[in-house]
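Input: a single structure, listed below in structure tokens.
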Amino acid sequence: MIIKTRVFDIADDKYENLSELAKAMGISVSQVYRVREGKRGINEKFIVGAKMAFPDLRLDELFYFNTDQSSEKAMKPPDNQRYNYVV
């Protein structure tokens with residue numbers, strides 16, 4: 001199952017850079033960067049941190065699932081959704 005996040009798109013309107021986002025999330029800048037680049041999966045700390053950084057948003061506004069792993073296309077994000085992660 002692939003979990004996708006809207007955190008980085010939403011952060012563009014609220015936080016100046018990844019350092020500010022990471023501080024608001026209570027996690028390291030390197031962890032935020034690795035998740036953004038797809039080098040690290042989304043874990044519990046990231047999800048909790050996203051909720052801390054965006055307390056007014058529901059989890060389904062921050063994250064969503066794509067269950068279609070059958071094709072390579074599922075691994076490649078559509079142009080309007082840049083961030084895909086395999087769980």
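Please treat every number below as a calculation from the coordinates, not as lab data. Small disclaimer: the values here were computed from a predicted structure and weren't measured. Here the Cβ positions follow ideal geometry from the backbone for every residue, glycine too, while neighbour counts run over all protein chains shown.
Each of Arg6, Arg58, Arg40 has some number of other Cβ atoms within 10 Å of its Cβ, and from fewest to most they run Arg58, Arg40, Arg6. Which of rounded, prolate or oblate describes segment 1-67 when judged by the alpha-carbon gyration tensor and an a/c cut-off of 1.5? Oblate shape, in that a/c is at least 1.5 and b/c is the bigger or equal ratio.
When a footprinting reagent is the concern and you count Cβ atoms within 10 Å, what order do Leu21, Leu57, Leu62 take, fewest first?
Neighbour counts put them in this order, fewest first: Leu57, Leu62, Leu21.
Count Lys and Arg as plus one, Asp and Glu as minus one, and take only other residues whose Cβ is under 15 Å from that of Ser30; the net charge is then +4.
Contour minus end-to-end for Leu57 and Phe8, with contour as 0.36 nm per residue of separation and end-to-end as the Cα-Cα distance?
On the way: separation 49, 0.36 × 49 = 17.64 nm, distance 1.36 nm.
Answer, rounded to one decimal: 16.3 nm.
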